[in-house]
Structure formats: C-alpha cells, structure tokens
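Shown next, in structure tokens, is the structure this report addresses.
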Amino acid sequence: MPLEKTTLYYVYDPMCSWCWGYKPIWENIVSALPDNVDVVYVLGGLAPDSNEEMPMAMQQQIASYWHKIEDYLGTQFNHDFWKNNAPRRSTYPACRALIAARAQQAELALLEAIQHAYYLNARNPSDDDVLIDLAASCGMNGEVFKKDFLSAGAHQALLTEIEFARSIGGNSFPSLFVQKGSDIHELPIDYQQAQTTLQQIKALAN
C-alpha cells in the first residue's frame, strides 16, 4: 500500500541572502527526498514595494550579512552590487516575477537567474526591467511574462501566498515545514549539512 503523500513547504524569498547561502544544502535535500514527499515553494515576501533608496546604514548592515554568510558557509557574493546600484528594500517585484514564471513552468529557472544576477553579477532584481530581461533569458514568452508579472493578479497571488506562509509560521527565510494530513511541523534549518533534515522529513513522512 503506497504511503500517504507528505508536503514539504520551502518558504523563501529570491532576494534573501540566507536562502542563497542555503541553496546547496536545499538542493541536496530535494534530490534525496522519498517519492511520497511533494515540494511546494512558498514565497515569503521579505520586503514590500519601495522606490526609495536604502539608507546607507541599512546598505552596510545587509552587506555585512553577505560577508558573514561568505565566512560561515563559503557562499560566493559579488560585493560590487553595493557600488554599482542604488539598492532598494524591495523584494516583492522579484516575488511577483516568480509567480508569473510559474504559469510557464519556469519558477525554478527564474529563481536561479535572479539569484545569480543579484549575488554574482551585481544586478538589481528590485528593477522590473532586470526581471523582464532575466525571464527572457530563461526562454519564457516575454510578452506573456510581462503581462502576468505586472498584473494585479500577480500581486494578489503574492499577498495570498505571504498570508499562507505566515499562517504556518513562515516568518523568516528560509523556513521548512512538513505537512502530513492536518499536522504541520516546522524543521530547524541546518545550513551546513542535509542529512539531519532528510532524516526528520523521512520520519515524519512514514
């Protein structure tokens, strides 16, 4: 008799530097999941829309996080981002872009493109034109993507997804939750190895 399906929620934000640091471990987890576990990506919405440049103190604080993650995990960052851009505390555009990408089965491709653009190529995914360009680079239909990305529907879908993330306890990123039946369990994030998390998921899924 097949095992009951289990859902693994990954609550994240495409412009969350800790999610970028966690990426190798997360990919190891996904590649080793049992067949009865379905992965659902949930956008957490780190920072609402803003056209204001970040205050210098905030820029310095976030830049310090990049150095901390680099030292702790060996994650690569291009620190030229802070010299080459006018950073805004605004991740909702990148989140809406991923919702639009889902309609073309390209969410994960665009997520990778956004992270590479931001952390490795010093481009700003708070800018609509950068996101539209990245979508085209992923092979999506550009006109359809742009229409969906800029729609009121994409924004409403994001707000609904953020509300769901908060309802299960997804207040920081990345967060992991396992649901089996009506029970939802939050898992601690281990940034340095996948095995403990995999064991926890398998125990809950059986």
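FYI, it's all coordinate maths here, none of it is from the lab. Note that the structure is a prediction, hence the values are computed from the model and not measured. When we count neighbours, we look across all protein chains shown, and the Cβ atoms used for this are built from the backbone with ideal geometry, even at glycine.
Some notes on this structure:
- Build a GNM of the chain with springs between Cα atoms under 10 Å apart, and of 133, 183, 49 the one that fluctuates most is 183.
- The chain: angle of helix 128-137 to the longest principal axis, Cα-based, in degrees nearest 10: 60 degrees
- Within-14-Å neighbourhood charge of residue 174 [Cβ basis; K, R +1; D, E -1]: -3
- Note on residue 203 and residue 116: their simple-model spin labels are 3.8 nm apart, each label 7 Å out from Cα toward Cβ.
- Using distinct alpha-carbon pairs, which all enter the 1/r mean, Kirkwood radius of region 6-205 in Å: 17.5 Å
- Bins of 5 Å from zero: percent of alpha-carbon pairs in region 1-48: 5, 18, 24, 22, 14, 9, 5, 2, 1, 0
- Region 84-189: mean projected area of Cα convex hull, nm²: 7.8 nm²
- Angstrom value of the Kirkwood radius, inverse mean 1/r, which spans all Cα pairs in region 5-118: 15.5 Å
- Rounded to 10°, Cα long-axis angle of helix 56-73 versus longest principal axis of the chain: 40 degrees
- For region 6-205: relative contact order, % (alpha-carbon pairs under 8 angstrom, 6 or more apart): 32 percent
- Isolated cysteines of the chain, defined as having no other cysteine beta carbon under 4.7 Å away, are 95, 138.
- For region 1-64, a crude dipole built from +1 on the beta carbon of Lys and Arg and -1 on the beta carbon of Asp and Glu, taken about the Cα centre, is about 180 debye to the nearest 20.
- Relative contact order (percent, whole number), region 89-163, Cα cutoff 8 Å, 6+ residue spacing: 38 percent
- Ordered by the number of other Cβ atoms lying within 10 Å of each residue's own Cβ, fewest first, 96, 166, 123, 89 fall into the sequence 166, 89, 123, 96.
- All lysines inside 19 Å of residue 83 as judged from Cα atoms, apart from same-chain residues fewer than 8 positions distant: 68
- Relative to the longest principal axis of the Cα atoms of the chain, helix 92-102 runs at roughly 60 degrees.
- Neighbourhood charge, 10 Å Cβ-Cβ cut-off, centred on residue 135 and excluding it, Lys, Arg +1 and Asp, Glu -1: -1
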